[in-house]
Amino acid sequence: MTSQQKIGAAQAEDEPDLTTLLGSRLCHDLVSPVGAVGNGLELLEMMHGPSEELALVRASVDAALARIRFFRFAFGAAPDGQAVPAREMVQVVQAMYRDTKMDVIWTDIDDRPRKEIRIACLALCCVEVAVPWGGKVELSRVAQSWVIHVQAERLKIDSILWEALGKKSMPSDLKGSEVQFGLLLRETLRLKRPVSVTADDRHLSLVV
């Protein structure tokens, strides 16, 4: 690497991470109007009482707020020195996957830095792609890595994506629906974290 390239690389490291800042901005701008809809629902429920129609809207609002909260951790900025309580993550994950086909269990009992939480949430986003028909997902912490075990009657394994993640070389034609794989790879490279993937038709293990 030439001296000019070294200077350019150093400057790039000092530049703000626009991708995560964009994620934070979008989550911030979305949570207010969705929250306002929730407040409006409360007024309607007070005025007219509960109904099936309002219950459906309430469920949709709660699901949207849960996803925004989760996405803030997965795709938003992760300031240094900021930790996330384990209890909060259990609540966030439970709310995120409550009405889905994935049964997700967060077993880690320690508070973690936001950067670590980002890796865990991105990993769960990757796992979602493999579990369209439902399954059990258990996330735990072993030494300095997140360990995710997935068990299902049937998994949808995109071998190109998962092998690329394990080899740390993402394909150039990544789709928008697959962006979590690219972002997870970027984080593991940035933090110099090893990645291990093993999968078959019914089991998937991801160590990251």
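Any read-out appearing in this document is the output of simple, stated calculations on the displayed coordinates, not a laboratory observation. Predicted model only: the values in this text are computed from it and were never measured. Cβ: placed from backbone, ideal geometry, glycine included. Neighbour counts: every protein chain shown.
In summary, the helical segments of the chain meeting the span-like criteria, namely a full DSSP H run, a Cα extent along the axis of 18 angstrom or more and a mean Kyte-Doolittle hydropathy of at least -1.0, are 18-48, 52-75, 114-130. Stretching GLU52 away from HIS203 to a fully extended chain increases their span by 50.5 nm, per 0.36 nm per residue minus the current alpha-carbon distance. Spin-label pair HIS28-SER196: with each label point 7 Å from Cα along the Cα-Cβ axis, the two points sit 4.0 nm from one another. So what's the back-of-envelope 222 nm ellipticity for the chain, counting only DSSP H runs of four-plus at -39500 (n - 2.57) apiece and dividing by all residues, rounded to 500? Using -39500 (n - 2.57) per qualifying helix, the result is -19000 deg cm²/dmol.
Candidates LEU44, ALA86, GLY134 compared by Cα position along the dipole of the chain: farthest toward the positive end lies ALA86, with charges placed on Cβ. Antiparallel versus total DSSP beta bridges in segment 87-208: what percent is that, nearest 5? Beta bridges within segment 87-208, antiparallel portion: roughly 75 percent.
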